[in-house]
Structures are given as structure tokens and as C-alpha cells.
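Below is one structure, written out as C-alpha cells; the observations come after it.
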Amino acid sequence: MADVALRKAVPADRAVLLRRLQEYGVYGGLVVLLVFNIAFTDNFLSGENFRTQAVQVSPILIVALGMALAIGTEGVDLSVGSVMALSTSLLALYLGYGPWLALLVVLVGGAAVGLLNGSLIAFVGVQPIVATLALMVGVRGLALVLLPQLKDVRNPGMASLGSGDIAGIPYVVLIAVALALVVGFTVRRTTFGRQLLAIGDSRPAAQLAGLPVRRVLVLVYICCGMLAAVAGFLATARLQASDPTSLGNLMELSAITAVVVGGTPLSGGRVRIAGTVAGAVLIQLLTATLIKHDLPPSWTQIAQGAVIVLAVYAARERGKR
Amino acid sequence: MTVMKEQPAPLATTTDQDSPGSGRGERLSAHAQQHGALVALVVLAVVASFSFDSFATGDNVENMAVSSAFLAVVALGMTFVIITGGIDLSVGSVFVLGGVLAAWGSRYGTVVAILLPLTVCGLVGLVNGLLIAKARLAPFIVTLATMLAARGVMLNITDEGGRTYLVDKDAFFAQLGQGKVLGIGTPVWITAVLFVVGAVALRRSRFGQHVYAVGGNEDAAALMGTPVARTKIIVYTLSGVLAGLAGVLNAAWLTSGVTILGIGMELDAIAAVVIGGTLLSGGMGFVSGSLVGVVLLKVIQNIINQIGSLDSAYQQVASGAFLVVVIIAQTWLGRRRRVL
């Protein structure tokens, strides 16, 4: 993003305050929403409600994890919703050969889209938004070519994956949490994570420092594609139907919102996984709150727009470190 | 189609062109970048008219022209935005908002049906511009937010998309979309006029120079006294107004405010602008290219429709693949220009 360097210097203490606001604002927002719901929403504190919310947020969170990686490199992946559609089509086609093979095919499909995205970005030098935009259009079409209409996906294993649980915690949620931990660890503790952040901070500098910039970028988009594929797989398992027309629609927006609201700057160089989790929950909770209080879905969109602007506004004066 | 003859050297790229060793190779690639879409369009159209009897018929051409008009008007605004180095993702939502407001307003007369949507959509654009220019938020994320919000507002005034406002077919307003002048639909004429005005504004006015300067190098432009913030605000407002106008014309054409339109339109518009030779990094571009880009997308769509066995899913695959090819070519040509 072409941010001007001519901005006024921010006093140090104010800069710190702004940075804290950006990093922890999402938790403040969550607390406000929780307090509001506990006070004014019927049956909010029931286990059933928590379960429902957690199951619904899981696919968004899984996609957002990949998106956080892409945004960390100062990129973005608009094709994630279409990858979900592709994975639901592939799943419907290959489930007959058993769920494990179907999962493998789905993962390979997601990785292939990611590889294409990453290659366009890393080797051809296309801007991420444009490259993934092209794939977004093409991959959704491919999903529809493979599976022209909605199809029931009935399989005992899939059904239990979609709605089963361990000690009351649904599998879907456990998988989402596990993936969040893995991605969080990768960003913080591995060489790959550090290289990723270095590239996001300054790609020319990373190049000069001899980092394998292209390889890391391609890997990031492969991760992003595979995570979206997993989300598509789990969403299909839960719905017990493959619907490539509508699955994953606008998912890229929800994922970007979760990441940005969670304090990851669009300018790259930093990734907040805990914040991303909180951001995804915040969006889900906001939607649920508005619906529970009988506000029509259109208000959700307006509110989501407002939340995005507020979150980015809070983050605006803090440039890169 | 009106294709403006324009100078091949845009203002802000003069530094590129002054680089040592600028020779025939560079000029060739510059031409390829600027007129590649036009060549592709001509080739495709010629091949298609030989391959399909129904392609080059008056009805089909007229149909393609009118259905291109709405996207073209949106792409015109997008061209200005992209030349400043920005992006406007809200145009699809603003388009459908404009259409619904126009259909609703048409019962109070043509003036209301036009001015109400243009005002509201202009305001959305103004908000975009203020947040981007004054609060210095990233265009991508700001317009993403207004994309959600504008669609939310549209759903709100149509009972969650359940109510469709109709335009009286006999009203003067409907003529804006359905009328014909010299056998050519009114939307096509309006689009043509807008593109001529847009091209002149971009090439010959002070405002146009500011647009290129802001996209070329914002800091340098600011230091030279270009009103950076004002230029950005105008550009995003313009984009909102034009997207709204496209919605107005579309509502007049369909004689109703259809609530499900506009999804993904921002992507089509961006694609058309990019195919037309405008660089997403800003500072370079021209409106005639965007027009060619829109028509090219429509011709591809039409050809796929003509090959009856291919359904719309293949169409998406084809446009995605086509976009990838164009992007690779553009990036390659752009790099070549910079290197040479």
C-alpha cells in the first residue's frame, strides 16, 4: 500500500499507546460484546450456544490463519473462498474412494491453487491482489465445472467428523485450535516464520540478505490454499452437502477482516495469530448478536464494515516498525 | 466503439522513457502493453465472426454493446482510481445500491430517479476518499468495508433483498435504458460520451495531471505542490458517482432495481482496467484501454455462449485463465520497459 512517508512524527508515548490499541483493541471489543450479550441476550451463557458459535467460527478461523500468513508477507489471498468451493467439489467426486483419499485430493487441490498463486507472485512478480483475483474467478469456475450442482455428501465417517465431539468439544473446533497453535508456532519459532516476516517487512532487504524469498512466498500461498481446502472439507462435512456455487462466498472478506481486526497490519512484517483468533470470534459474535436481537442480516454487513474501518483507523499511524 | 486516439507516452512515465538505451524494443513493448488488448479484441472478433454465423449480426453486436455499457461506466471510474495507485472494491455494491435507489425513486419522477442515487453513491465515494486521503487508511481495506456497508444499506431498503422496485415501462426514465438513438441504445451513447469526457479530463486537464502525478510518486507530487488529498477525494467520489450512474442506467434498462446484481463486478472492472494496459501500481494508464478491456471480456463471454455446449462455469475458468495470461504478459512487458 502506498503509504506516504510525509506523515507527522508521532510522539513516542502516543505511538506506544496506539500500538497497544491496535494489538489489544480486539480483546476490548470482545469483552464489550460478551458483557452486552451476558446482560441482554437470552440463553447466551448456555453450553449449546457456545458450541454453535465455536463450530460456526471454525472454518472462518482456519481460512484466516492462512490469510494471516499471506498478509504477513504484505500480500493477500482473494482466492480462498473459491478454494473452499473447489475442495467441496473434489470431496464430492472422490468420497467414493474413501474419506482419506478424498482428503488427500482436496489438500492437493488447495496446494495446487496455492502453488499457482505463489508462482505468479514470486516468480512473475504479479501483485498478490491481482494474481489471486484471477485465480478466484478461475477456480470458482473450475469447482462448478467439476460439480455443476449441489450434491449430498453422506458418509458415516464424514458425518461424525462434521458433528462429533470429544468431551463436548466438537472435532471441528479442536482442529481449528490445533491449526492455530501450529501456525502460531510456525510464525514465532521457526526459520520459515522469521523469513516470512522479514519478507513482509521489506522484500528488497530480505532479498539482499540472501533469504530464499521466492521459495518462502510460494510456500506461504501453498499453506494458505491448503488451509482453505481444509476449511472447505470441514464445512462440507458439517453441512453433509457439496455446494460449489455458494460455499466460501465472501470468505476472503471475513478472513481479511478477522486478520486485520486482530491487529495484523496490512503492510506486512507482523502476524498476530492470537489476535486473528480473537478477530474471527469477534466477527462471529457480532453477527450472532445482531441476529439474536432481531436485526436483519443487512445490519451485519453494515456493522462489519464499520468494525473494519474502526480497526484500521486505530492502527493507522503506526507504520512499520 | 469510440476508441480515443491518445498519445502513447503518459505524463508520469516520462522518467521510464528517458532511461538510457530506450530504443525500438522498448517502444515495441510499450505499444504491446498499451494496444495488446485492442489487437486481441480485433483478432477475436474477426475469428468469431467467421466461426459463428450469429456473432457479427446487428442484434448480437447491439446486445454486446448495451451489456458492456454498464461495466464500462464502472471501469471508467476505476481507471482513475487505479491510476492514482488506489483500488475501489465498493463499486459492485454501489452499482446495485444505485440501481435500487433509481428504481425506487423513479415513481417520483426522472429527476429523483437520477439525482437520488447519484447523491447517495457519490457520498459513499466521498467517504472512501476522505478515509483514504485524510485518515490515510489503505484503499483496499476502506473500500472493502464500504463494499460490505453499501450492500448492507441496499439490503436494508429492500427488505433484505426480498422486494424489487419496478420502473414504469412508459416513464421517461425507462427511455434512458431502453431508448435508441440512430438505432443504437441510449446507454451506449451515454457511455461513449462519458469516455470522451473522461479521456479529455485525464489527458488535457490539470486534474488529470494531478491524477497521474499522485499515482506516479505521491511524495514527489506532494512536494511539488500537487493537492494529493483533494485529488484522491475527487477520484473516489467520481468512482462512486460513476458506479451509481451505471446502476441507474442498468435499472432503467431492466426497468427494475434487481438486488442480486453487482457481486464480483469490482473484479470484472479491475480486470478490464488491467487488461486495458493500466498499471495497478499507479501512475500510468488510459481510459480507452479500459473500454477495450470491457468489450474484450464481453466478447469472450459471448463467444463462450455461442459455443452452446459450454456453460457459464467454463466461462469463469476461461476468464480466469485469460486474466492470468494477460497479467503475466503485462508484468513481463512492464518489467522489460523498466529494465531497458
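Applying 1/(1 + (r/R0)^6) with R0 = 60 Å to the Cβ-Cβ distance of residue B:305 and residue A:13 gives a FRET efficiency near 0.45. Entry comment: accessible area of chain B is 41 Å² per residue, from protein heavy atoms only and a probe of 1.4 Å. Hydrophobic long helices, here whole DSSP H runs in chain B with Kyte-Doolittle means of at least -0.5 and Cα atoms spread over 18 Å or more along the helix axis, are found at B:24-51, B:58-83, B:91-105, B:110-133, B:139-156, B:186-204, B:228-254, B:287-306, B:312-339. Neighbours of residue B:255 by Cβ distance under 13 Å: Lys/Arg scored +1, Asp/Glu scored -1, total 0. Here is what passes the span test in chain A: the DSSP H helices with alpha carbon length of 27 Å or more along the helix axis and a Kyte-Doolittle mean of -1.0 or above are A:12-40, A:47-72, A:99-119, A:213-239, A:273-292. Between A and B, roughly 3800 Å² of accessible area is buried in total, ligands, DNA and RNA not counted and the probe set to 1.4 Å. Accessible-area loss of 50 Å² or more (1.4 Å probe, protein heavy atoms, chain alone versus all protein chains) is found in the stretch A:276-308 for A:298, A:301, A:302, A:308. For the pair residue A:34 and residue A:274, the difference between a 0.36 nm per residue extended length and the Cα-Cα distance amounts to 84.6 nm. Taking label positions 7 Å along the Cα-Cβ direction at both residue A:48 and residue B:219, the computed distance is 6.0 nm, reported to one decimal.
At a Förster distance of 41 Å, what's the computed FRET efficiency of residue A:202 paired with residue B:168, Cβ-Cβ distance as r, to 0.05? The value I calculate is 0.10. For the stretch B:109-217, a/c is not less than 1.5, where a ≥ b ≥ c are the root eigenvalues of the C-alpha gyration tensor, and a/b does not top b/c. That puts it in the oblate class. Between residue A:154 and residue B:62, the distance separating the two model label sites (each 7 Å from Cα on the Cα→Cβ line) works out to 5.2 nm.
Cβ-Cβ distance of residue A:165 and residue A:215, R₀ of 41 Å, FRET efficiency by 1/(1 + (r/R0)^6): the value works out to about 0.60. Which net charge results when you count Lys and Arg as +1 and Asp and Glu as -1 among the other residues whose beta-carbon is under 15 Å from that of residue B:210? It works out to a net charge of +3.
Residues whose amide H comes within less than 5 Å of that of residue B:165, counting only those at least five positions distant or on another chain, are B:257 (H built at 1.01 Å from N in the peptide plane).
Report summary: the helix-based calculation at 222 nm, which adds -39500 (n - 2.57) for every DSSP H run with n ≥ 4 and divides by the residues of chain B, gives -24000 deg cm²/dmol. Burial of accessible area (probe 1.4 Å, heavy atoms of protein chains only) in the stretch B:125-169, relative to its chain alone, reaches at least 50 Å² for B:136, B:137, B:140, B:141, B:144, B:145, B:148, B:156, B:160.
Residue by residue along A:142-150, Cβ atoms of other protein chains within 10 Å of the local Cβ number 3 on average.
Approximating the spin labels as points 7 Å out from Cα along Cα→Cβ, the residue A:306-to-residue B:51 distance works out to 5.1 nm.
This model, with +1 at the C-beta of Lys and Arg and -1 at the C-beta of Asp and Glu, gives chain B a dipole about its Cα centre of some 820 debye. A Cβ-based charge dipole, computed about the Cα centre of the stretch A:164-321 with Lys and Arg at +1 and Asp and Glu at -1, lands at about 820 debye. For the stretch A:218-294, the solvent-accessible area with a 1.4 angstrom probe is 26 square angstrom per residue.
Farthest toward the positive end of the dipole of the stretch B:92-236, out of B:99, B:187, B:202, is the Cα of B:202, where the dipole comes from beta carbon charges about the Cα centre. Between B:317, B:153, B:100, the GNM of chain B built on Cα springs shorter than 10 angstrom shows B:317 fluctuating the most. In the complete set of protein chains, residue-level accessible area for residue B:210 is approximately 30 Å², probe 1.4 angstrom. The stretch B:45-114 and the stretch A:182-199 have Cα centres lying 45 Å from one another.
In terms of the Cα gyration tensor, with a ≥ b ≥ c the square roots of its eigenvalues, is the protein assembly as shown rounded because a/c is under 1.5, prolate because a/b exceeds b/c, or oblate? Rounded shape, in that the Cα axes give a/c under 1.5. Projecting the Cα atoms of B:109, A:117, A:232 onto the dipole axis of the protein assembly as shown, where Lys and Arg carry +1 and Asp and Glu carry -1 at the beta carbon, places A:117 farthest toward the positive end. Positive contributions from Lys and Arg (+1) and negative ones from Asp and Glu (-1), summed over other residues with Cβ under 11 Å from the Cβ of residue A:118, come out at +1. An oblate overall shape is assigned to chain A, the ratio a/c of its alpha-carbon gyration tensor axes (a ≥ b ≥ c) being 1.5 or greater and a/b not exceeding b/c.
Measuring nothing but protein heavy atoms, the accessible surface of the protein assembly as shown at 1.4 Å probe radius is 66 percent carbon and sulfur. If only the Cβ of Lys and Arg carry +1 and only the Cβ of Asp and Glu carry -1, the dipole of the stretch A:18-139 around its Cα centre is close to 100 debye. Stretched out straight at 0.36 nm per residue, the stretch from residue A:291 to residue A:27 would grow longer than its current Cα-Cα span by 92.9 nm.
Pairs of Lys residues in the protein assembly as shown that lie 8 or more places apart, or on two chains, and have C-alpha atoms under 28 angstrom apart add up to 12. Full extension of the chain between residue B:108 and residue B:193 yields a length gain of 27.9 nm, computed as 0.36 nm times the residue separation minus the alpha carbon distance.
The values are calculated or read from the model by the stated rules, or taken from the named source; none is laboratory data. A quick note: this is a predicted structure, and the numbers were derived from the prediction, not measured. Please note: Cβ atoms are built from the backbone with ideal geometry, for glycine as well, and neighbour counts cover all protein chains shown. Each accessible area value is taken on the protein alone, full model and side chains, heavy atoms only, with ligands, DNA and RNA left out. Shrake-Rupley method; radii C 1.70, N 1.55, O 1.52, S 1.80 Å.
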